[in-house]
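What follows is a single structure, written as structure tokens, with notes after it.
The values are calculated or read from the model by the stated rules, or taken from the named source; none is laboratory data. What you see is a predicted model, and the numbers here were worked out from it, not measured in a lab. Note: ideal-geometry Cβ built from the backbone for every residue, glycine included; neighbour counts use all protein chains shown. Side chains are part of the model used for accessible areas, which takes the heavy atoms of the whole protein and leaves out ligands, DNA and RNA. Shrake-Rupley method; radii C 1.70, N 1.55, O 1.52, S 1.80 Å.
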Amino acid sequence: MNEMRPFIDSLPKAELHMHIEGSLEPEMMFALAERNGVRLRFGSVEETRAAYRFGCLQEFLDLFFQGMAVLRSEQDFYDLTWAYFERAHGDCVRHAEIFFDPQGHTSRGIAFETFMQGIQQARIDAGKVFGITSELIMCFWRHLSEREALEVLEAAAPFRDGITGVGLDAAERGHPPGKFAGVYRRAREQGYRLLAHAGEEGPASYVREAVEVLGIDRIDHGNAALDDPELTRRLAREGKVLTVCPLSNVRLAVVDCMARHPLKTMLDRGLAVTVNSDDPAYFGGYINDNYAAVQEALGLTGEELHRIARNSFTGSFLDESSKAARLAELDAYVERYH
Ligand code: ADE
Ligand code: ZN
């Protein structure tokens, strides 16, 4: 047992990088397949989990795209999102910024309002039952065209109030951020917060491009930024928040092993890093499992974990007074714990 685990488990925190479709556990996948008459590729929950061995991002994406095919009705999206909030509440998550992939659903004939209503109702209920606040981040698939991303932005217009930001995900290599400069310009004009996955499998130049060309508020992953010392210093100076996902990085072979994860180096270089689960059902753990795995492998101190949790609130899209309240609760917890 990791001796820091009790401290981690009760640490108030925000999760800023979690794809709702990536929280679909195989048990729910089978239940929804049955409910909706969808045929699955694997015969059992165990076989499905055993298939979650990925040599790279694309191998994961292939299974991830198949998995989400069981999500069909508003109730399915509600159940999926509610299950995440239950887990998050158990992990002392006070605020969650949840990604979703509209193109993964509209491409299968699911109406925008079907997934939006299911997700939104679960967010409302989680606020009432658990006191968890949340924001929604709509991601564009970067292997598709900018034209298609613009269509997503247009389709989202009736739901504008419920969506805080836009992001960029799926296959990174060969799809630089600049490909989406036009849709990001339009999203900024419409008041969306801007995020992008960058420097997960792609190079440091993609992180730079996401910052300089897309003008993003926050970087998802950003590991490769360390390869560019000048960029690293700039991100540290500007306090640009990175949403790092340790178990994901190991499972997708972005890093060789947890002991060589760059999180400690990122902290030492002054980067505002956070710890997140990315796709917890596929990568073997929720947010506290990520904190614990990286703490143990790198020997992070309580002070460093406190810093990471602070970054999760300061880097969130909460308003200033909510941030202050969450930070006060966090600081009081750490004070009491010592
Ligand atoms: N979609 C879901 N998880 C992702 C990841 N880790 N990278 C890119 N796209 C994703
Ligand atoms: Zn991600």
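Quick notes
- Partners for residue 128 among lysines (Cα-Cα distance below 27 Å; same-chain residues under 8 apart left out): 13, 323
- Scattering profile of the chain at q = 0.11, 0.16 Å⁻¹ [log10 I(q)/I(0), Debye over alpha-carbon scatterers]: -0.67, -1.55
- Per-peptide average of other Cβ atoms within 10 Å, ordering 31-43, 305-317 highest first: 305-317, 31-43
- Solvent-accessible surface of the chain, taken per residue with a 1.4 Å probe and all protein chains present: 39 Å².
- CD proxy at 222 nm, helix term only [per DSSP H run n ≥ 4: -39500 (n - 2.57); per residue of the chain; nearest 500]: -15000 deg cm²/dmol
- For the stretch 44-135, carbon and sulfur atoms together expose 50% of the accessible surface, with a 1.4 angstrom probe and every protein chain in place.
- Packing around the peptides 61-70, 221-230, 8-17, taken as the average count of other Cβ atoms within 10 Å per residue, puts them in this order, highest first: 8-17, 221-230, 61-70.
- The simple Förster model, with R0 at 41 Å and r as the Cβ-Cβ distance, assigns residue 301 and residue 86 a FRET efficiency of 0.85.
- Here the stretch 137-263 is treated as an ellipsoid with the same Cα gyration tensor; its semi-axes, largest first and in whole Å, are 26, 15, 13.
- Net charge contributed by nearby residues that have their C-beta within less than 15 Å of residue 126 (K/R +1, D/E -1): -3
- Between 134, 73, 322, the Gaussian network model of the chain with springs among Cα atoms under 10 angstrom shows the greatest mean-square fluctuation at 322.
- Compactness index (Cα Rg / 2.2 N^0.38 Å), the stretch 192-338: 1.02
- Euclidean distance between Cα centres, the stretch 241-318 to the stretch 184-213, Å: 20
- Each residue of the stretch 99-108 is assigned a 3J(HN,Hα), and the resulting list reads 8, 9, 10, x, 5, x, 10, 4, 5, 9 Hz, derived from the Karplus form 6.51 cos²θ - 1.76 cosθ + 1.60 (θ = phi - 60°), x at Gly and Pro.
- For the pair residue 160 and residue 259, label points projected 7 Å from Cα toward Cβ lie 5.4 nm apart.
- Normalised by residue count, the stretch 2-69 yields a Cα convex hull volume of 145 Å³ per residue.
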